[in-house]
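Asker: Let me give you the structure first, and then I'll get to my questions.
The values are calculated or read from the model by the stated rules, or taken from the named source; none is laboratory data. Worth saying up front: this structure is predicted, and the values here are computed from it rather than measured. With ideal geometry, Cβ positions are generated from the backbone for all residues, glycine too; neighbour counts draw on all protein chains shown. Just so you know, the surface numbers come from the protein's heavy atoms only, side chains and all, with ligands and any DNA or RNA stripped out. Shrake-Rupley method; radii C 1.70, N 1.55, O 1.52, S 1.80 Å.
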Amino acid sequence: MASSSNHLQPNYTHEPVLFQKVLAMLKPESGQHFIDGTVGGGGHAQGILEASAPDGQLLGIDADPEALQVAQVRLEAFGPRITLVQSNFIRLEEIAGQRGFYPVHGILFDLGVSSMQLSVAARGFSFQRNGPLDMRMDPGLQKTAADLVNDLPVKELADLLWRYGEERRARRIAQAIAAARPLTTTGKLVEVLIRAVGRRGRIHPATRTFQALRIAVNDELGALEAVLPQAMRILAPGGRLAVISFHSLEDRLVKWFFRQEARDCICPPDMPICSCGHRAVLRIVTRRPEVPSAMEKAGNPRSRSAKLRVAEKL
Ligand SMILES: C[S@@+](CC[C@H](N)C(=O)[O-])C[C@H]1O[C@@H](n2cnc3c(N)ncnc32)[C@H](O)[C@@H]1O
């Protein structure tokens, strides 16, 4: 379970996004098993456990030991109905298998970082707080954002900013970073970014670079791509997978996975007869993604870009 930490902020909470919609989609009932693959501060997990009282079970996974400490305190009252595991969710099937925790009735991934992680300067996630250029969700990971920023050749850094941040000024930014090396703090990186691209536009000039570095440090897209088929394998027939994404790269990945796995044949359109043998494994529940109401967006600005997609195992 979670190791001890210096950054824990027990009074700082994370407001779960699309909370009611997630519960309406997962429809928890007593006696059922659920996995929250990104348990974070435990907000969604608490809702699932309450709705599946008195004996629903929840397996909560998070890469971040500090998040798990917060979840453990919040979910303590549910006693043996919860199991918390510190791991990347890329090990979903193995973790569920080791504990005999499948088939499951619902799986949730609420992707990205939590408000708790953003609020701690020492984690290095936020461009609004000065701290070390870290950005690791799991402190056991080898490479930090500083390693990428200081060690990558300019071209590779520019590619990374373009691919994971969809940053149009990637080349200019990569060159400015290389000229300012070594960079060790978020504050210094923000200064370099503002100098390189100015302050024009609606979004902060550091937004895309920070997103790109965080995705790369934690291999967020690789983990998501790998876990979706695992989730379908451990769901019970009729069980549901719910994914909340916060940027188009994640959302696209989920959308295409759902589309592909909802089809019987995935041969190229010019094939005269099917040779793939592929069979649909899911039904798409959300033809269009669910998004937060204006009221939720106003009360919780972090929810602004959230999109919820849900699929049901056939
Ligand atoms: C948006 S927060 C989840 C908040 C949670 N739903 C709640 O109600 O408090 C995302 C969490 O997922 C974790 N996370 C992101 N990617 C992960 C991965 N690949 N494996 C495990 N945990 C991950 C982060 O550490 C973070 O705590």
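Asker: Could you grab me the full set of residues in segment 117-136 that are assigned to a loop (DSSP other than H, G, I, E, B), open to solvent by less than 50 Å² (accessible area, probe 1.4 Å) and either at positive phi or more than 11 Å from the ligand (Cβ to nearest atom) (or both)?
Answerer: Start the filter on segment 117-136 by keeping residues that are assigned to a loop (DSSP other than H, G, I, E, B), which leaves 120, 124-131, 133-136.
Restricting the remaining residues to those that are open to solvent by less than 50 Å² (accessible area, probe 1.4 Å) gives 120, 124-126, 131, 133-136.
Of everything in segment 117-136, those that are assigned to a loop (DSSP other than H, G, I, E, B), open to solvent by less than 50 Å² (accessible area, probe 1.4 Å) and either at positive phi or more than 11 Å from the ligand (Cβ to nearest atom) (or both) turn out to be 120, 124, 126, 131, 133, 134, 135.
Asker: Are any residues in segment 43-76 free of Cβ contacts under 8 Å to residues at least 24 places away in the same chain and over 29 Å from residue 140 (Cα atoms), and if so, which ones? Please lay out each step first, then the result.
Answerer: Residues of segment 43-76 free of Cβ contacts under 8 Å to residues at least 24 places away in the same chain: 50, 53, 76.
Listed by number, the residues that qualify are 50, 53.
Asker: I'd like the full set of residues that are over 23 Å from residue 98 (Cα atoms), among the aliphatic types (A, V, I, L, M) and modelled with pLDDT under 95, limited to segment 2-47.
Answerer: 8
Asker: Within segment 48-64, track down each residue that is more than 8 Å from the ligand (Cβ to nearest atom) and either open to solvent by less than 10 Å² (accessible area, probe 1.4 Å) or at pLDDT below 95 (or both).
Answerer: First, the residues of segment 48-64 that are more than 8 Å from the ligand (Cβ to nearest atom): 48-60.
48, 49, 52, 56, 58, 59, 60 - these are the residues of segment 48-64 that are more than 8 Å from the ligand (Cβ to nearest atom) and either open to solvent by less than 10 Å² (accessible area, probe 1.4 Å) or at pLDDT below 95 (or both).
Asker: Being of a type in the set (Ser, Thr, Tyr) and either exposed (fewer than 14 other Cβ atoms within 10 Å of the Cβ) or in contact with a Leu (Cβ under 6 Å, 6 or more places away or on another chain) (or both) is the filter here; which residues of segment 247-290 pass it?
Answerer: Looking only at segment 247-290, we keep the residues that are of a type in the set (Ser, Thr, Tyr), and these are 248, 275, 286.
Those that are of a type in the set (Ser, Thr, Tyr) and either exposed (fewer than 14 other Cβ atoms within 10 Å of the Cβ) or in contact with a Leu (Cβ under 6 Å, 6 or more places away or on another chain) (or both): 248, 275.
Asker: Against the condition over 21 Å from the mean Cα position of the chain (by Cα) and among the basic types (Lys, Arg), how does residue 263 come out, does it pass?
Answerer: Details: over 21 Å from the mean Cα position of the chain (by Cα): yes; among the basic types (Lys, Arg): yes.
For residue 263, the condition - over 21 Å from the mean Cα position of the chain (by Cα) and among the basic types (Lys, Arg) - is met.
Asker: Shifting gears a bit: Give me a count of the residues in segment 225-276 that are in a loop (DSSP other than H, G, I, E, B), aliphatic (A, V, I, L, M) and either under 18 Å from residue 37 (Cβ atoms) or modelled with pLDDT under 95 (or both). Before the answer, list the steps.
Answerer: Of the residues in segment 225-276, the ones in a loop (DSSP other than H, G, I, E, B) are 246-247, 262-276.
Now drop any that are not aliphatic (A, V, I, L, M), which leaves 262, 266, 271, 273.
Narrowing the set further to residues that are either under 18 Å from residue 37 (Cβ atoms) or modelled with pLDDT under 95 (or both) leaves 266, 271, 273.
Adding up the residues that qualify gives 3.
Asker: Shifting gears a bit: Taking residue 108 as the residue in question, decide whether it is near the ligand (Cβ under 9 Å from one of its atoms), over 24 Å from residue 210 (Cα atoms), modelled with pLDDT of 95 or more and open to solvent by less than 20 Å² (accessible area, probe 1.4 Å). Explain how you work it out, then say what you get.
Answerer: Values: near the ligand (Cβ under 9 Å from one of its atoms): yes; over 24 Å from residue 210 (Cα atoms): yes; modelled with pLDDT of 95 or more: yes; open to solvent by less than 20 Å² (accessible area, probe 1.4 Å): yes.
In short, yes.
Asker: Select, from 244, 234, the only residue that is within 25 Å of residue 292 (Cβ to Cβ) and β-branched (Val, Ile, Thr). Let's see the steps before the verdict.
Answerer: Details: 234 fails: within 25 Å of residue 292 (Cβ to Cβ).
Among 244, 234, only 244 is within 25 Å of residue 292 (Cβ to Cβ) and β-branched (Val, Ile, Thr).
Asker: Restricting attention to segment 292-302, report how many residues are open to solvent by less than 60 Å² (accessible area, probe 1.4 Å), assigned to a helix (DSSP H, G or I) and at pLDDT 95 or above.
Answerer: The number of residues fulfilling the criteria is 1.
Asker: Residue by residue through segment 237-246, note down the ones that are open to solvent by 10 Å² or more (accessible area, probe 1.4 Å) and farther than 30 Å from residue 301 by Cβ. Walk me through it before giving the result.
Answerer: Going through segment 237-246, the residues open to solvent by 10 Å² or more (accessible area, probe 1.4 Å) turn out to be 237-238, 240, 246.
Answer for segment 237-246, where residues must be open to solvent by 10 Å² or more (accessible area, probe 1.4 Å) and farther than 30 Å from residue 301 by Cβ: 237, 238.
Asker: Next question. Residue under question is residue 45, and the condition is that it be over 28 Å from residue 135 (Cα atoms) and either out of contact with any strand residue (DSSP E or B) (no Cβ under 8 Å at 6 or more places or on another chain) or not basic (Lys, Arg) (or both); does it hold?
Answerer: Working: over 28 Å from residue 135 (Cα atoms): no; either out of contact with any strand residue (DSSP E or B) (no Cβ under 8 Å at 6 or more places or on another chain) or not basic (Lys, Arg) (or both): yes.
No.
Asker: For segment 255-288, what are the residues that are closer than 24 Å to residue 27 by Cα, touching a helix residue (DSSP H, G or I) at 6+ places or on another chain (Cβ under 7 Å) and free of Cβ contacts under 8 Å to residues at least 40 places away in the same chain?
Answerer: Quick first cut of segment 255-288, residues closer than 24 Å to residue 27 by Cα only: 255, 257-259, 261-262, 280-288.
Then drop every residue that is not touching a helix residue (DSSP H, G or I) at 6+ places or on another chain (Cβ under 7 Å), which leaves 257, 261, 280-282, 284-285.
Passing the criteria: 257, 280, 284.
Asker: Which pairs turn up if I take residues in segment 148-162 that are among the basic types (Lys, Arg) and look for partners that are open to solvent by less than 60 Å² (accessible area, probe 1.4 Å) and in a helix (DSSP H, G or I) with beta carbon separation below 8 Å, at least 6 apart in sequence or on another chain?
Answerer: From residues that are among the basic types (Lys, Arg), the pairs are 155/174.
Let's see how each residue does on (1) under 22 Å from the mean Cα position of the chain (by Cα); (2) open to solvent by 70 Å² or more (accessible area, probe 1.4 Å):
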{"position": "115", "(1), (2)": "yes, no"}
{"position": "138", "(1), (2)": "yes, no"}
{"position": "180", "(1), (2)": "no, no"}
{"position": "197", "(1), (2)": "no, no"}
{"position": "225", "(1), (2)": "yes, yes"}
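Asker: Does residue 208 qualify as being open to solvent by 20 Å² or more (accessible area, probe 1.4 Å), more than 16 Å from the ligand (Cβ to nearest atom) and either on the phi > 0 side of the Ramachandran plot or touching a helix residue (DSSP H, G or I) at 6+ places or on another chain (Cβ under 6 Å) (or both)? I'd like the intermediate steps shown before the answer.
Answerer: Details: open to solvent by 20 Å² or more (accessible area, probe 1.4 Å): yes; more than 16 Å from the ligand (Cβ to nearest atom): yes; either on the phi > 0 side of the Ramachandran plot or touching a helix residue (DSSP H, G or I) at 6+ places or on another chain (Cβ under 6 Å) (or both): yes.
So residue 208 passes the test.
Asker: Further, regarding this structure: Could you count how many residues in segment 28-39 are open to solvent by 10 Å² or more (accessible area, probe 1.4 Å) and within 12 Å of the ligand (Cβ to nearest atom)? Show your work before the answer.
Answerer: Our first condition is that a residue be open to solvent by 10 Å² or more (accessible area, probe 1.4 Å); within segment 28-39, this holds for 28-33, 38.
Now narrow it down to the ones that are within 12 Å of the ligand (Cβ to nearest atom): 38.
The qualifying residues number 1.
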